[in-house]
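The values are calculated or read from the model by the stated rules, or taken from the named source; none is laboratory data. None of the values given here were measured: they were computed from a predicted structure. A quick note on method: Cβ atoms are made from the backbone with ideal geometry, for glycine too, and the neighbour counts reach across all protein chains shown. In case anyone asks, the SASA skips ligands and DNA or RNA and just uses the protein heavy atoms, side chains included. Shrake-Rupley method; radii C 1.70, N 1.55, O 1.52, S 1.80 Å.
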Amino acid sequence: MKRYLFVLLFISGISGLFAQTVIRVNGKNAGLKFEGIGAVSAGASSRLLIDYPEPYRSDILDFLFKPYFGASLQHFKFEPGGDINSTCGAEPSHARTREEMLNPSRSYFERGYEWWMAREALKRNRNMIFDILQWGAPGWFDGGFYSKDNAEYLSSYIRGMKRYHNIDIAYCGLWNEKHIPVLSRNYVVNILRPTLDKNGLKHIKIIGNDMYCSSPKHHEPWSYAKELLKDSVLKGNIDVLGYHYLNVEATPEVKLLDMPVWESEASILSGDWKNALSFARNTNRNYIRSRAVKTIIWCPIDAYFPNVSWNGVGAMEARTPWCGYYDVRPAIWAIAHTTQFADPGWYYLDDACGETGTGLSYVTLKHPHKELYSMIIVTGNRPDTLVWNLPFIDTTKFYLWKSNEQDQFVRQSIILPENRQLILYLEPNAIYSLTNTTGQRKGIPAHSIPEKREFPVYYKEDFESYEKNHVTPRWLSDQGGAFEVIELDGNKVLQQQITAPLICWDPWGKNNPEPYTQAGSSTGNNYAVSTDFKIGEKGCARIFGMVSWFESNTAPHGIELEITHTGNWKLSVNQKTIREGSVKIDPHEWNHFVLECGDLEVRAIVNGDLLTSIPADKNYTKGFFGVGCDWNKVCFDNLQVKPLNID
């Protein structure tokens, strides 16, 4: 006996009934398999989360990953760092030399925080799907990015994540938003796939090619799909068609590929209600228009300082670890409207997925083995009436969840079919989930969220509290290079690790500032930043303050004092040298410099001697502080910030 699902859509308005849509669906005639909603942690966007104190850090992670609690993310994609700026900062590499790759150590795989975040995700969801994608890469590869060395590097990362953290990576991408067709094809077919297989990683599926579906630089939509159709060998080595920022209707070529389509990077922008509603609508449209079965957002959490590229992009905010404050934005609940109602492996019912002229979109998903259904509905800017006829369901309870601008993820009253029919009156600009499953909930944090506070006025870091070497100290965010705690002369100090050129991720310009690390607040003003420094055989040390913006491919936009191993110094404002000179220092001993950034005057001091003073620039009287150097292992200690004229 055939079972049918009937959906009638009535569009109502001030003048009454305008249109009617009748949809007849065979409940056993499934569409494509739903593969989940996930997030990509990359570009140093999650940097500050690991520094959050407990119990708030665990509460934040619950909102991201715990099933039936918050966003309940089902897929976690992350960057295997390359020690080079990849959007909001630089993420550490697990193999800075060939020797490190050939002789792995647990400590190499504990650099940074992506391993930690992946482990926390797995702790909350044992079915979590893991995926990696490169932005930049170490510079020691023979042959550059599309090389055997890089394929071995990725293989070593996948094996190390399993060995040291029990993370089973299932998917591997190519190069984020960068594609050189001939080189990329050779890399996939003749290098990456054979190398993965040789290393016992035949199960790893390759995603191609993480480019924009359509953009000013790549005018033709679905161009990679067309490459695959023309090249059966390449197609045979690609498992998923992954595009960034879809919103483009699938072409016949895409359908001919017979390959899963993902929006492998989607924007959730600020995570506020307006953008949350857009995300929910676009997620529905991804399947309706583009046949995309997975959506992955960048980024899951806004856990980076606000003076870098793409400020404020995240489903949640957690950028103040010194006080524990975080913000659960509406986007968390927009994601939950799908993830708490369908798991990867459910099927779309194609005849119950569509859009209307009023902007309403809806997708219906079914459990692969049980009579369980969920419909995710996003309304347009006017009311709608939805009538769901259920000829094969008589007494099953249905539950309706709703989000609007005022309140998100609220369960409405239980709905029982009447004459095997459900009638829903839908308000405009809202998200609904209708289901006969149970277990959904709007999670409440186990601990009250602390009040938000600015970065401390007094800051001092002597690096002595860190038990392990080669860790990133709390609150400091590398913008280029890698600054880690090491033991030197019987003390713990901060040392920059990268001494060789790197492979840039540079689709929009060279993302390769020299090594810098920063902390602070956009409101910080009238302060002195100071540190001890030891340069060594060659190179320079830098100290900076009042940074308003840290562009991903240049030095900081602020005030900077630089001194070289020969004693040459220069004071710059917004990357322009204002004063310069020479002073006697011993580069092999500890020296001390101070940059006083006052409301009226800036003073540069080395070893107690005033080098120069200049009038304050009205454009740079507030902002962040930090230290930097060139591509050498320069050391810093006793980094301190305090208000001027206060002991």
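Being surrounded by fewer than 23 Cβ atoms within 10 Å (Cβ to Cβ), at pLDDT 95 or above and of a type in the set (Lys, Arg): is that true of LYS274 here?
Yes: the conditions hold for LYS274.
Of all the strands (runs of 3 or more DSSP E) wholly in region 486-591, which have at least 3 residues that are closer than 25 Å to ALA616 by Cα?
Passing ranges, in order: 516-519, 527-534, 540-549, 557-564, 568-573, 576-582.
Can you confirm whether region 346-363 contains a residue that is at pLDDT 95 or above, under 30 Å from ASP59 (Cβ atoms), open to solvent by 10 Å² or more (accessible area, probe 1.4 Å) and not in a loop (DSSP other than H, G, I, E, B)?
yes
One line per residue, one yes/no per condition, for (1) in a helix (DSSP H, G or I); (2) under 30 Å from ARG126 (Cβ atoms); (3) in contact with a Cys (Cβ under 6 Å, 6 or more places away or on another chain):
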residue	(1), (2), (3)
TYR171	no, yes, no
LYS178	no, no, no
LEU196	yes, yes, no
LEU201	no, yes, no
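In this structure, does GLU177 turn out to be surrounded by 15 or more Cβ atoms within 10 Å (Cβ to Cβ) and under 19 Å from the mean Cα position of the chain (by Cα)?
yes
Return the residue satisfying two criteria in turn: it lies in region 232-244 and is out of contact with any helix residue (DSSP H, G or I) (no Cβ under 9 Å at 6 or more places or on another chain) and either part of a loop (DSSP other than H, G, I, E, B) or open to solvent by 30 Å² or more (accessible area, probe 1.4 Å) (or both), and of such residues it is farthest from GLY38 (Cα to Cα).
Ranking the qualifying residues of region 232-244, first place goes to SER232.
Name the residues in region 587-612 that are out of contact with any Leu (no Cβ under 7 Å at 6 or more places or on another chain) and open to solvent by 40 Å² or more (accessible area, probe 1.4 Å), would you?
HIS588, GLU589, TRP590, HIS592, ASP599, LEU600, GLU601, ASN607, GLY608, ASP609, LEU610
Please find, among LEU434, LEU422, LEU400, the residue that is within 19 Å of VAL363 (Cα to Cα), in a strand (DSSP E or B), of a type in the set (A, V, I, L, M) and touching a residue at least 40 places away in the same chain (Cβ under 8 Å).
The conditions single out LEU434.
Every residue in region 63-81 that is in contact with an Asp or Glu (Cβ under 7 Å, 6 or more places away or on another chain) and among the small types (Gly, Ala, Ser), please.
GLY70, GLY81
Suppose we keep only residues that are touching a strand residue (DSSP E or B) at 6+ places or on another chain (Cβ under 6 Å) and within 17 Å of ALA71 (Cα to Cα) within region 399-425. Which one would you say is most open to solvent (accessible area, probe 1.4 Å)?
ARG411
Looking only at region 528-545, decide whether some residue is among the charged types (D, E, K, R), modelled with pLDDT of 95 or more, under 24 Å from TYR459 (Cβ atoms) and open to solvent by less than 30 Å² (accessible area, probe 1.4 Å).
Yes, that holds for at least one residue.
Here is a list: SER552, SER477, SER522, SER548. Which entry is under 27 Å from the mean Cα position of the chain (by Cα) and open to solvent by less than 10 Å² (accessible area, probe 1.4 Å)?
Just a single option satisfies the conditions, and that option is SER477.
In the set PHE63, PHE78, PHE69, which member is without any contact (Cβ under 8 Å) to a residue 60 or more places away in the chain, open to solvent by less than 20 Å² (accessible area, probe 1.4 Å) and not charged (D, E, K, R)?
None of the others qualify; the one that does is PHE78.
Test ILE503 against the stated conditions and say whether it is surrounded by 17 or more Cβ atoms within 10 Å (Cβ to Cβ), touching a Ser or Thr at 6+ places or on another chain (Cβ under 8 Å), farther than 30 Å from ILE335 by Cβ and β-branched (Val, Ile, Thr).
When the stated conditions are applied, ILE503 does not pass them.
GLU580: open to solvent by 10 Å² or more (accessible area, probe 1.4 Å), of a type in the set (D, E, K, R) and touching a Cys at 6+ places or on another chain (Cβ under 8 Å), yes or no?
It is false that GLU580 is open to solvent by 10 Å² or more (accessible area, probe 1.4 Å), of a type in the set (D, E, K, R) and touching a Cys at 6+ places or on another chain (Cβ under 8 Å).
Taking the residues in region 310-326 that are open to solvent by 30 Å² or more (accessible area, probe 1.4 Å) and touching a residue at least 60 places away in the same chain (Cβ under 8 Å) as candidates, determine which candidate is farthest from PHE624 (Cα to Cα).
Step by step, filter region 310-326, then rank; the result is TYR325.
Can you name every residue in region 95-111 that is assigned to a loop (DSSP other than H, G, I, E, B) and either open to solvent by 20 Å² or more (accessible area, probe 1.4 Å) or closer than 19 Å to ILE37 by Cα (or both)?
ARG96, THR97, ASN103, PRO104, SER105, ARG111
So, ASP258, is that one acidic (Asp, Glu) and modelled with pLDDT of 95 or more or not?
No; evaluated as a whole, the condition is false for this residue.
Residue by residue, here is whether (1) over 27 Å from LYS468 (Cα atoms); (2) at pLDDT 95 or above; (3) open to solvent by 10 Å² or more (accessible area, probe 1.4 Å) holds:
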{"site": "SER93", "(1), (2), (3)": "no, yes, no"}
{"site": "ARG119", "(1), (2), (3)": "no, yes, yes"}
{"site": "ASN125", "(1), (2), (3)": "yes, yes, yes"}
{"site": "TYR153", "(1), (2), (3)": "no, yes, no"}
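Right, GLY623: touching a residue at least 12 places away in the same chain (Cβ under 8 Å), in contact with a Phe, Trp or Tyr (Cβ under 7 Å, 6 or more places away or on another chain), buried (at least 19 other Cβ atoms within 10 Å of the Cβ) and among the small types (Gly, Ala, Ser) or not?
No: the conditions fail for GLY623.
Restricting attention to region 245-272, and to residues there that are part of a loop (DSSP other than H, G, I, E, B) and hydroxyl-bearing (Ser, Thr, Tyr), which single residue is farthest from ILE296 (Cα to Cα)?
Here the residue is THR251.
Restricting the search to region 607-647, which residues are under 12 Å from ASP532 (Cα atoms) and in contact with a Gly (Cβ under 9 Å, 6 or more places away or on another chain)?
Matches in region 607-647: VAL634, CYS635, LEU639.
Right, ASN190: without any contact (Cβ under 8 Å) to a residue 24 or more places away in the chain and either assigned to a helix (DSSP H, G or I) or hydroxyl-bearing (Ser, Thr, Tyr) (or both) or not?
Yes, satisfied.
Residue by residue through region 599-647, note down the ones that are among the polar types (S, T, N, Q) and not in a loop (DSSP other than H, G, I, E, B).
THR612, SER613, ASN638, GLN640
Condition check: free of Cβ contacts under 8 Å to residues at least 40 places away in the same chain, within 23 Å of GLU263 (Cα to Cα), of a type in the set (Lys, Arg) and surrounded by fewer than 22 Cβ atoms within 10 Å (Cβ to Cβ). Does LYS162 satisfy that?
Answer is no for this residue.
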